[in-house]
Amino acid sequence: MDSSGKLEQRPAWTRERISAALGESLVRLIATIAKHAHAENAAIYLAGGVVRDLVLQRENTDLDFVLEGDAIAFANKLARIYGGETERHIPFGTAKWKLDSAAINNLSLGSGAIPAQIDFATARTEEYLAPAALPVVEPGLIAQDLLRRDFTVNALALRIEAESCPWDMLNPGKGYSDILGKKIRVLHDRSFIDDPTRMFRAFRFASRFGFAIESGTAEILREAIPVIQRLSGERIRHELDLILREEHPERIIADLSALDIFAQIHAAFRISARSAEQFQRLREHMPKLRGNADETARLGWHLLFSGIAEDDALLICARLGLTGELSSSIAGFARLLEKLGWLGAPASKASAITRFLDGISATALRAALICNIDKHSAKERLELYLADWRHRRSAIDGNELIRAGLAPGPIYREILDKLRDAWIDGEIESQDQEHELFLKLVKEAQAWYRG
Ligand code: ATP
């Protein structure tokens, strides 16, 4: 029976059915792994997102195994037998088995979508000693492991038998019926207080699957919102990064923004009213990024700041622990958006604009163009900078200044900059004119030194 009392029509998880969803290579890989677990008398389960997506018939090759046994030792053993490396996380009893080409070969996996890594975790129980802090974990049974999870729809597991099928589905949180009913529901009332990252996850899954957040869950979520202030910047950053990698981040951002969740991260973190339109434009721009998910996410990070002044942007980046490079790029983006009026004004010289834009990263410039700048003249100038001005260089270099007998010093940079500016502003248009200006600037510098 499901939670509403209706009889669930759960399909039998036959080999054919699973193979149709995951591909035969992956099913063989799962059975091989199960054979080794059973040789050690450890029950093994496929759990979490991959099982949810099997039910939803969505593609997912991220295999997460849970063992009632020592997962780290087990992953190490597989790596010793088949090759590849393991990355261990001892406090949580988890290990990633990273498959290399030798391991793929030794496992005789053939063609088909093979994951680059496979996750193993020891079945565990958790205790949260303080809100928003990481839990203390202890080995446990699979049902306990499933019930400690974020949402019922992620609290599903398949018990893997190496030789026989169908595989049993474990559904202790009634997540199966929530998938059918398109609901995101927590497994207990303290869930968001224990771990407020689940708020971000709730909206992310709801948006991705077109599910609703169940009304009781929505209520306890709203009550727990202030606990976000206790989350570390790194954990929030991770969640925002995952959101920016979704197909429609703007929907999730709008949901979070409607509940003032960004303001809990930092008081100045306000999402622009034009955010949805900007992410739509980012999607249109994506073919140019040729599937580069990291660059798409980086552009998304900039768009999140499109309504924020530079000083505030820097404070928010610090709160999120963003790296130096990304945070200075975002600050440059914010600075650029603040200067659009100046950028588009007829009196602003091309050379001054070039110097200003030279200090702003390529990603920030791209993000500004994606923002569909209203000020047409500013956009035109940004495009001119990208196509032409930024490439302009004087043919004259420091050696010619030495030959001209000028003592080396900061004056060299000044003269070379002035020559570049003159090219950009159209004050010189030929090598002869450049040479004439060069002689004039050298003469002025010598007079200045003498005087
Ligand atoms: P995706 O489809 O985005 O990869 P996923 O469901 O596979 O999502 P992961 O972040 O890879 O999620 O985590 C794997 C599983 O671990 C989840 O399905 C969920 O059961 C559990 N989990 C992850 N994060 C949390 C959390 N903050 N609290 C409780 N359980 C979690």
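Quick note: the coordinates plus some simple rules give every number you see, no bench work behind them. Note that this is a predicted model, so its numbers are computed, not measured. As a convention, Cβ positions derive from the backbone with ideal geometry for all residues, glycine included, and neighbour counts pool all protein chains shown.
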* Asked: What value, in deg cm²/dmol to 500, does the helix sum -39500 (n - 2.57) over DSSP H runs of n ≥ 4 give at 222 nm once divided by the residues of the chain?
  -> -16000 deg cm²/dmol
* Asked: Cα centroids of region 224-260 and region 152-203: how far apart, whole angstrom?
  -> 21
* Structure fact -> Correct semi-axes for region 1-141, from √(5λ) of the alpha-carbon gyration tensor and rounded to whole Å with the largest first, are 25, 24, 13
* Expressed in nm², what is the orientationally averaged projection area of the convex hull enclosing the Cα positions of the chain? -> 28.7
* With the Cα gyration tensor of region 269-354 in hand, give its eigenvalues times 5 under a square root as the equivalent ellipsoid semi-axes, listed largest first in whole angstrom. => 22, 18, 14
* **Distance (nanometres) between label positions extended 7 Å along Cα→Cβ at Ile81 and Arg17** => 2.8
* Net lengthening on full extension, Ala352/Arg390 (0.36 nm per residue, minus Cα-Cα) -> 12.5 nm
* Cβ-derived FRET efficiency at R0 25 Å, Arg28 paired with Lys96, nearest 0.05 -> 0.75
* Structure fact -> Placing each pseudo-label 7 Å from Cα in the direction of the beta carbon, Ala293 and Glu161 end up separated by a distance in nanometres of 3.5
* Give, in nm to one decimal, the length gained when the segment between Glu414 and Lys440 is fully stretched (0.36 nm per residue of separation minus the Cα-Cα distance). => 8.0 nm
* Could you sort out which of Lys349/Lys443; Lys96/Lys174; Lys288/Lys418; Lys77/Lys182 sit more than 32 Å apart by Cα distance in this structure? => Lys288/Lys418; Lys77/Lys182
* Can you give the translational diffusion coefficient of region 277-436 in µm²/s, computed by Stokes-Einstein from the Kirkwood radius over Cα pairs at 37 °C and 0.692 mPa s? -> 187
* Asked: At a Förster radius of 51 Å, what calculated FRET efficiency corresponds to the Cβ-Cβ distance of Leu259 and Arg10, to the nearest 0.05?
  -> 0.90
* Structure fact -> Reduced to Cα centres, the span from region 50-124 to region 7-46 in Å works out to 13
* Computed E for Ile220/Glu338 - FRET, C-beta separation, R0 25 angstrom, nearest 0.05 -> 0.05
